[in-house]
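Have a look at the structure below before the remarks.
The values are calculated or read from the model by the stated rules, or taken from the named source; none is laboratory data. The structure displayed is predicted, hence computed values, not measured ones. Ideal geometry is used to build each Cβ from the backbone, glycine not excepted, and the neighbour counts take in all protein chains shown.
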Amino acid sequence: MSENILRKIDGPYVSQALKTLPDANKGKEDFMETVIEVPVLGLVRFKCKRMTGRQGKYRYRFWTAIEAFKVEP
């Protein structure tokens with residue numbers, strides 16, 4: 001198993017990976033994976049988790065990246 005490199009990846013690239021996922025409010029799966037190209041690192045696979053936030057009586061869902069691994073060619 002390779003090393004989790006999520007802490008080494010800049011925020012804009014994590015955001016770009018999360019934008020490739022389906023809408024968190026309409027999706028049925030709680031975990032999803034996506035792969036994007038990150039400069040210097042190459043292809044990176046992100047494991048993402050769907051979470052629920054609350055603000056008062058309202059609830060909203062969003063994706064957050066929990067792991068990232070370099071994809072070996």
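Brief remarks on what is shown
- Once region 54-73 is narrowed to residues that are out of contact with any helix residue (DSSP H, G or I) (no Cβ under 6 Å at 6 or more places or on another chain) and of a type in the set (Phe, Trp, Tyr), the residue that is surrounded by the fewest Cβ atoms within 10 Å (Cβ to Cβ) is 58.
- Test: residue in region 17-25 that is outside any strand (DSSP E or B), loosely packed, with under 13 Cβ neighbours inside 10 Å and under 10 Å from the mean Cα position of the chain (by Cα): yes
- The residue that is nearest to residue 23 (Cα to Cα), counting only those in region 36-73 that are of a type in the set (A, V, I, L, M) and touching a Cys at 6+ places or on another chain (Cβ under 7 Å), is 65.
- Residue, farthest from residue 6 (Cα to Cα), within region 54-73, restricted to residues that are among the β-branched types (Val, Ile, Thr) and assigned to a strand (DSSP E or B): 64
- Within region 36-48, the set of residues being modelled with pLDDT of 95 or more and surrounded by 13 or more Cβ atoms within 10 Å (Cβ to Cβ) comprises 36, 38, 43, 44, 45, 46, 47, 48.
- The residue list 51, 32 contains one member that is exposed (fewer than 15 other Cβ atoms within 10 Å of the Cβ), hydrophobic (A, V, I, L, M, F, W, C) and either in contact with a Pro (Cβ under 9 Å, 6 or more places away or on another chain) or in a strand (DSSP E or B) (or both), which is 51.
- Among the candidates 40, 71, 14, 35, residue that is on the phi > 0 side of the Ramachandran plot and not acidic (Asp, Glu): 40
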